Amino acid sequence: MKRWNGWGDGSIHLHVPQSAARYLASVIGEGRMLHDAAWQEVVARVPPSSFDQLKYPLLETDAAARLLHARGQSLPDWIALRSGDLAAFPDAVAFARTDDDVRATLQFAHHARVAVIPYGGGTSVVGHINPEAHLPTITLDVSRLNQLYDLDATSQLATFGAGVTGPDLETKLRVRGYTLGHFPQSWEYSTLGGWIAARSSGQQAYYYGRIENLFAGGRVETPLGELEMPCLPASAAGPDVRQIILGSEGRAGVITRATVRIRPLPECDAFYAGVLRDWETGVQLVRQLAQARVNVSMLRLSDADETHANLMLAGHANALGIAQRALGVMGYGAEKCILIFGVTGARRECARVRRQVDDALRDFGGLPVPFLIGDLWRKSRFRNPYLRNPLWEMGYALDTLETAVPWSQVRETSNVIKAALRFGLQDIGERVLVFAHLSHVYADGASIYVTYAFRRAPTPHETLARWEKLKRAASHIIVAQRGTISHQHGVGVDHAPYLIGEKGALGVLAIQESLRALDPYGMMNPRKMV
Ligand SMILES: Cc1cc2nc3c(=O)[nH]c(=O)nc-3n(C[C@H](O)[C@H](O)[C@H](O)COP(=O)(O)OP(=O)(O)OC[C@H]3O[C@@H](n4cnc5c(N)ncnc54)[C@H](O)[C@@H]3O)c2cc1C
């Protein structure tokens, strides 16, 4: 069962090896083990619902359902859930099974003058699904809208209920010999509607495309009625309405079904690795590969800090020592960086692409690693977020942030973001562990994905203050560098103050007015994004 106050399946417990604990203590200090509120304690704190007296068949007002839909997965959400100090809960949760249920809930909410928050998997990391205090709210959970309605094999299009999760969607396609190929790290729990509404990017988006390339059309239930977006291979008929829905973060209505572009299952889907002497060389290599349009499915370059931290956190200190010494003899010292790359498609093409990347690695003085690392990455691709659970319990808070910039700025932007985070808590004598990787590369630039960890403070309030300080510093730098405030996580509440820096006042107005056209009552997920 899904954890209520952390990440993932509650039966999966990752263990942090002793050597990793020692590493963290040496870099940012001993963690503080603090008490977390228990489930019963927090359920008991859920206030009565203002809807308790209302008899409406789709609404559930019990405390457990309202608590389970109150927060997502951002660090402020974690702090609230673990401390039991949640500022607001939805007044009711509606579980829609059909498009009619969605329509009826919106009509009810409109008459009752209540806000509606569409809820997919609740994996948002930017406060997308959090109710506002003092604003009566229904959270509309669409996870039961998970049917495969149609698979048009001739056109390679599949139509799903928008609440289908990653594993469910892939299982339904795989039995028919197809895949969508959209694998965000939250794949286990996030949903098709959530991917569209938050403009998600999967790990192999280089090959399969981001969700905006995969989303062909669909249906949205808005407060004004149904919006149907036909599936056309291309169109010059004015602006594309799908672009208003992509990234709409629940503010335009509820996506009830979506048609996606699918592909036959590939013959081969494998991951390999290489070691580079330093970050500079690695960045040059991945840029060259992206600009040569090399047919990989993924290029993921860790900086030296991430390479080191990942090795340390994985444990195996002895084996690691031997590997480090062997690499050292070959000239790969403390600045070395790991590149993970994927190849997907026909077996022969995969072999050809792999040779191409291996050759490029050698040309840049790197070392192809044909076994182990790529395979380990594949096995842990959805497991790494589980590490947040034991780290929290050991007294460490861990968060990530991301941006994308043109190649000409990649080095500077990543350096200044990392420096702002690394020294962001210096005034209170706290150290921050920071590392980064390029997670998605394009011909014109790359996304920079930064992970940072710091010690939890004695109180949740102080831990939140530490996070706010770091997040603010990094966000201001991203805006100053003219990077996007989010490459893949969306805007929600955490990034909302910075949107104007990216879009400009007129751009924000255009977004607001497009949303208002579909929701003139302002009842859909108010105060998120804009
Ligand atoms: C551990 C972890 C790893 C992650 N990795 C990635 C990653 O690799 N790539 C990536 O892009 N993101 C990632 N994310 C962020 C998150 O998973 C994505 O934003 C995802 O798209 C959210 O999907 P969801 O179904 O959970 O949506 P929710 O969290 O339920 O909702 C997100 C937003 O979408 C709206 N929404 C949801 N469903 C609908 C619908 N049917 N109609 C209208 N609006 C809707 C909500 O109102 C809300 O504004 C990660 C998050 C976590 C916790």
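With 5 Å bins beginning at zero, the pair-distance distribution over Cα atoms of the range 347-396 amounts to 5, 16, 14, 17, 15, 10, 8, 8, 6, 1 %. Simple rule: put +1 on each Lys or Arg Cβ and -1 on each Asp or Glu Cβ in the range 138-247, find the dipole, and look at 215, 185, 158; the Cα lying farthest toward the positive end is 185. Taking a ≥ b ≥ c as the square roots of the eigenvalues of the Cα gyration tensor, the range 266-309 is oblate, since a/c reaches 1.5 or more and a/b is not larger than b/c.
In plain terms, if you count all Cα to Cα distances in the range 178-227 and split them into 10 Å steps from zero, the share in each step is 24, 50, 20, 6 percent. Pairs exceeding a 23 Å alpha-carbon distance, out of 336/471; 503/528; 379/471; 471/503; 2/471; 336/418: 336/471; 379/471; 2/471.
Could you work out [θ]222 nm for the chain from helices alone, using -39500 (n - 2.57) per DSSP H run of at least four and dividing by all its residues? Round to the nearest 500 deg cm²/dmol.
So the calculated ellipticity at 222 nm is -11000 deg cm²/dmol.
Expressed as a whole percent, the accessible surface of the chain that belongs to carbon and sulfur atoms is 55, based on a 1.4 Å probe. Size descriptors for the range 186-274: radius of gyration and Dmax over Cα atoms are 14.8, 53 Å. The alpha-carbon positions of the chain define a convex hull whose volume is 149 Å³ per residue.
For the range 332-428, the alpha carbon convex hull comes to 180 Å³ per residue, rounded to a whole number. Just to confirm the number: angle between the C-alpha axis of helix 347-363 and the first principal axis of the chain, 0 to 90 degrees, nearest 10? Result, in degrees: 50. Once the Cα-Cα distance is subtracted from the 0.36 nm per residue extended length, the residue 379 to residue 152 segment shows a gain of 78.5 nm. Beta bridges from DSSP with both residues in the range 95-187: antiparallel share about 40 percent, rounded to the nearest 5.
Solvent-accessible area of residue 49, all protein chains in place: 10 Å² (probe radius 1.4 Å, heavy atoms, ligands and nucleic acids excluded). Cα axis of helix 460-480 to longest principal axis of the chain: angle in degrees, 0 to 90, nearest 10? Value to nearest ten degrees: 70. Placing a label point 7 Å from the Cα of residue 347 along the Cα-to-Cβ direction, the residues of the range 249-281 whose backbone N falls under 20 Å from that point are 264-272.
With semi-axes defined as the square roots of five times the eigenvalues of the C-alpha gyration tensor, the equivalent ellipsoid of the range 133-235 measures 23, 17, 14 Å, largest first.
Taking the C-alpha atoms only, the angle from helix 499-518 to the longest principal axis of the chain is near 30 degrees. Normalised by 2.2 N^0.38 Å, where N is the number of residues, the alpha-carbon radius of gyration of the range 307-365 equals 1.41.
Residue 241 exposes around 60 Å² of accessible area when a 1.4 Å probe is run over every protein chain in place. Here the range 268-381 has an Rg and Dmax of 13.7, 40 Å, counting Cα atoms alone. In the range 188-338, the ratio of gyration radius to Kirkwood radius, Rg to Rh, stands at 1.13 when only Cα atoms are counted.
Count the DSSP beta bridges whose two residues both fall in the chain, then state the antiparallel fraction as a percent rounded to the nearest 5. Bridges in the chain that DSSP calls antiparallel: roughly 85 percent.
Along the axis of the charge dipole computed for the chain (Cβ charges of +1 for Lys and Arg, -1 for Asp and Glu, origin at the Cα centre), the listed residues 227, 86, 308 are led at the positive end by 308.
Note that the range 160-167 has calculated 3J(HN,Hα) couplings of 10, x, 6, x, 5, 7, x, x Hz, one per residue in order, obtained from phi through the Karplus relation 6.51 cos²θ - 1.76 cosθ + 1.60 (θ = phi - 60°); glycine and proline are x. The Cα atoms of the range 447-492 cover 35, 19, 18 Å along the three principal axes, with the biggest extent listed first.
On the principal axes of its alpha carbon atoms, the range 102-191 extends 49, 28, 17 Å, with the longest extent given first. If the chain linking residue 26 and residue 530 were pulled fully straight, counting 0.36 nm for each residue of separation and taking away their Cα-Cα distance, it would gain 177.3 nm. Heavy-atom accessible area with a 1.4 Å probe sorts 168, 52, largest first, into 52, 168. Legend: calculated FRET efficiency, residue 325 to residue 44, from the Cβ-Cβ distance at R0 = 41 Å, rounded to 0.05, equals 0.15.
The residues of the chain present an accessible area of 42 Å² per residue when probed at 1.4 Å with all protein chains retained. Each DSSP beta bridge with both residues in the range 41-169 is either parallel or antiparallel, and the antiparallel ones are about 40%. Among 369-382, 338-351, 100-113, the peptide with the highest mean count of other Cβ atoms within 10 Å heads the list, and the full ranking is 338-351, 100-113, 369-382. Computed about its Cα centre, the charge dipole of the chain is approximately 900 debye, with only Lys, Arg, Asp and Glu carrying charge at their Cβ.
The values are calculated or read from the model by the stated rules, or taken from the named source; none is laboratory data. Quantities reported herein were computed from a predicted structural model and do not represent experimental measurements. In this analysis, Cβ positions are derived from the backbone assuming ideal geometry, glycine residues included, and neighbour counts consider all displayed protein chains. Just the protein is used for accessible areas: all its heavy atoms, side chains included, with ligands, DNA and RNA removed. Shrake-Rupley method; radii C 1.70, N 1.55, O 1.52, S 1.80 Å.
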